[in-house]
Amino acid sequence: MASRTLSTLPVLLSAVLQAQPNRNLNFLADHVDGRTRRQALGEYLRAKAFAQLDARARTVETIRGREAMEARGREVRTKLIDLIGGPLPEKTPLNARVTGTLDFPGYRIEKVIFESHPGFPVTASLYLPKSGPAPHPAILFPLGHEAGAKAHEAWQAVLVTFARRGYVCLAWDTIGQGERIQLWDADFGASKVIRSTTEHTIIGLQTVLVGDPLGRYTIWDGIRALDYLLSRPEVDPRRVGVTGNSGGGTHTAYLSALAGDRFAAAAPSCYLTSWRRLLVTIGPQDAEQCMPGFLAAGLDHPDFVLAYGPKPYRMLTAIRDFFSIAGARATASELARMFDAAGVGDRFGQFEADDGHGYTKPRRAEAYRFFSRWLDGKEDSRPEDPVDYLSEEALWCTKSGQVAAEFPRSETVFSLNQKRLEQVRKRGATLAEVRAFVEFAPGGGAPRVTGYGGANGLEKLTYESEPGIEIPALLYTPSTSGRHPAAVVVYGRGKAAAHDDARKLAANGKVVLSIDLRGMGETSEAPDENESDWPRYFGNYEAAMTAMLTGKPLVTMRAEDIARAVDLLASRGDVDPARIELHGQGAAAVPALYAAAFDARIGETRLREMLVSYESVVRQRIHRGQWENAVPGALRLFDLPDLVRWIAPRRVTVESTVGPLGN
């Protein structure tokens, strides 16, 4: 496509496009490969992420020797604490109690409830050996997302085998799983949203708006679980390991990085890969496994190990896992080089099994060998003995099987997050501070424009919002000559849905530019049919989270698309630049609000069906379609009504605001 100015756009279409069906207002079917345009936002975000990963690679390439490795580890720990919302809470009494005991040959299980925060119960299974001298080595076992929570058969196989071999083991129900469903529905007898990862990501947006990824809560549960494990007289505090699979592998990485001084060995299963491979395969996972700003901070998966090392660490991987084995191998190669250079190469290794996702027998056998070597001074290669698996109900710590039913006045992440908001909220932020916080870049100069032509007052065109992002647009011009007032129109359903309203504005004498913000309209990405509940609740979560990982929220990028539209209109000879207004509707209304607040060239603003506030998302249990509108940590400084206020004395009209569910 050749670059042209608007004044030289050729007239390629002779028909009166206003009379055509709305599908003819798009470019895709007639002019470009639709798949290419729909992938543009994802490709742009991945390119930005890869540039950050390249910069990190250049930094860690210089690490040579133990001193440099340990310095990197200290730097990573500092960054991780900042990314999870700042210093962790003060420790409070665990108020632990044993609610039942199960006795078996060689081991017993205690059913334990402790409080990670005051009034926030955690249900756990403590496996205690009957053989061997006390104090025993111990294993902290964070759970993955598989069905059954702490009763999942693979977990029981690991825990029973360790217990039979003389280890104390502790597994606890992760937030949203087992007895700790946060969105419990008594009528359904289940979570309101069924899957734990969906629950994580609903709650995760609420915590992100307050400035904390959900991992802050799951990590703290793990740290308090470790506190309980170490409080038991049966445990040797010098010989404690941590391992788990999938989401449990995630938390093995988190906990060893942030509480590494209390672990003697760590072995995550089916998690560690690399962000470069994640972004081109399965994309960002649920909110529990993502920390906004992680890539912008110069971090990648190997950094979890560096924050822990140089201590014994084993990556347990699956060749056919959905977590990329190529990424795992790249991470292992980088770490092996550093451990070797530090003179402790025997402490790090990667184990591969030719199977799929799960804590399968080959990885379990490697875990027994690894932990027996580093916690017990010998390498135990015995095969597993058969395990009689218990039901979920048999392992319940509560009578009802749900903390929410048993302790209706107990805290949830939902209630704790609201208290956290009152703790971290800062008053008196200025518009300039907020503009810098969201990293809004002002426009300036006419953007590069490519036109497809038109007739009788309507042209199809694209303009470059920034390198890699082209915005499809419709330009409506009145029939009269001279300078005219102008309007930018942005609708969440795209410019085709705005066609009738845009025509009316043009009929009233305005030059109108109706645009598809990146990822909207004809540039929207089709939802994943295999994750049917994901787009229903979260919209384009992959783009929104990738943007957050790279340090700049998607809503800011879309606001900049609008600022570039203002640049384009202001450069036209038939537009009065002092009279440019903005119309936003639906999912595009929040980006329009940001643009209006930050760009003083926009005179009047009209917003319809806009989210009423970020705080409403935090105060209501369930939301839909709000990840794309979110700014991590926004509520520490401002809310959407503040942006409305800052537009004054310019006129702004907000009609038919909607709540977090879009009602």
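The values are calculated or read from the model by the stated rules, or taken from the named source; none is laboratory data. As the structure is a prediction and not an experimental result, all values here were calculated from the model. Using ideal geometry, Cβ is built from the backbone for each residue, glycine included, and neighbour counts are taken over all protein chains shown. Accessible surface is based on the protein model in full, side chains and every heavy atom, while ligands, DNA and RNA are left aside. Shrake-Rupley method; radii C 1.70, N 1.55, O 1.52, S 1.80 Å.
Summary of values
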read-out: From the options 176, 166, 148, residue that is in contact (Cβ under 8 Å) with a residue 24 or more places away in the chain and within 22 Å of the chain's Cα centre (by Cα); value: 176
read-out: The stretch 450-474, residues that are hydroxyl-bearing (Ser, Thr, Tyr) and open to solvent by 20 Å² or more (accessible area, probe 1.4 Å); value: 452
read-out: Residue check, residue 346 of a type in the set (Asp, Glu), buried (at least 20 other Cβ atoms within 10 Å of the Cβ) and within 30 Å of residue 74 (Cβ to Cβ); value: no
read-out: Wholly enclosed helices (runs of 4 or more DSSP H) of the stretch 536-633 bearing at least 2 residues open to solvent by 10 Å² or more (accessible area, probe 1.4 Å) and either in contact with a strand residue (DSSP E or B) (Cβ under 7 Å, 6 or more places away or on another chain) or more than 27 Å from residue 39 (Cβ to Cβ) (or both); value: 554-570, 614-619
read-out: Residues located in the stretch 104-123, provided they are under 16 Å from residue 89 (Cα atoms), among the small types (Gly, Ala, Ser) and surrounded by fewer than 23 Cβ atoms within 10 Å (Cβ to Cβ); value: 119
read-out: Identity of the residue in the stretch 383-400, more than 15 Å from residue 153 (Cα to Cα) and without any contact (Cβ under 8 Å) to a residue 60 or more places away in the chain, that ends up farthest from the chain's Cα centre (by Cα); value: 383
read-out: The stretch 413-431, subset part of a loop (DSSP other than H, G, I, E, B) and among the small types (Gly, Ala, Ser), residue least open to solvent (accessible area, probe 1.4 Å); value: 429
read-out: Residue 141 out of contact with any helix residue (DSSP H, G or I) (no Cβ under 7 Å at 6 or more places or on another chain) and farther than 23 Å from residue 412 by Cβ; value: no
read-out: Residue check, residue 410 of a type in the set (Gly, Ala, Ser), at pLDDT 95 or above, closer than 30 Å to residue 124 by Cβ and assigned to a loop (DSSP other than H, G, I, E, B); value: yes
read-out: Residue check for residue 518: touching a Ser or Thr at 6+ places or on another chain (Cβ under 9 Å), open to solvent by 20 Å² or more (accessible area, probe 1.4 Å) and either among the acidic types (Asp, Glu) or under 23 Å from residue 26 (Cα atoms) (or both); value: no
read-out: Verdict on residue 403 being under 30 Å from the mean Cα position of the chain (by Cα) and within 30 Å of residue 121 (Cα to Cα); value: yes
read-out: Answer from 333, 324 - the residue that is surrounded by fewer than 17 Cβ atoms within 10 Å (Cβ to Cβ), of a type in the set (Gly, Ala, Ser), modelled with pLDDT of 95 or more and within 29 Å of the chain's Cα centre (by Cα); value: 333
read-out: Residue list for the stretch 433-449, restricted to those being surrounded by 16 or more Cβ atoms within 10 Å (Cβ to Cβ) and either among the polar types (S, T, N, Q) or outside any loop (DSSP other than H, G, I, E, B) (or both); value: 434, 435, 437, 449
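Yes or no, residue by residue, for (1) exposed (fewer than 15 other Cβ atoms within 10 Å of the Cβ); (2) within 28 Å of residue 231 (Cβ to Cβ):
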residue	(1), (2)
44	no, no
48	no, no
55	yes, no
59	yes, no
75	no, no
91	yes, yes
101	yes, yes
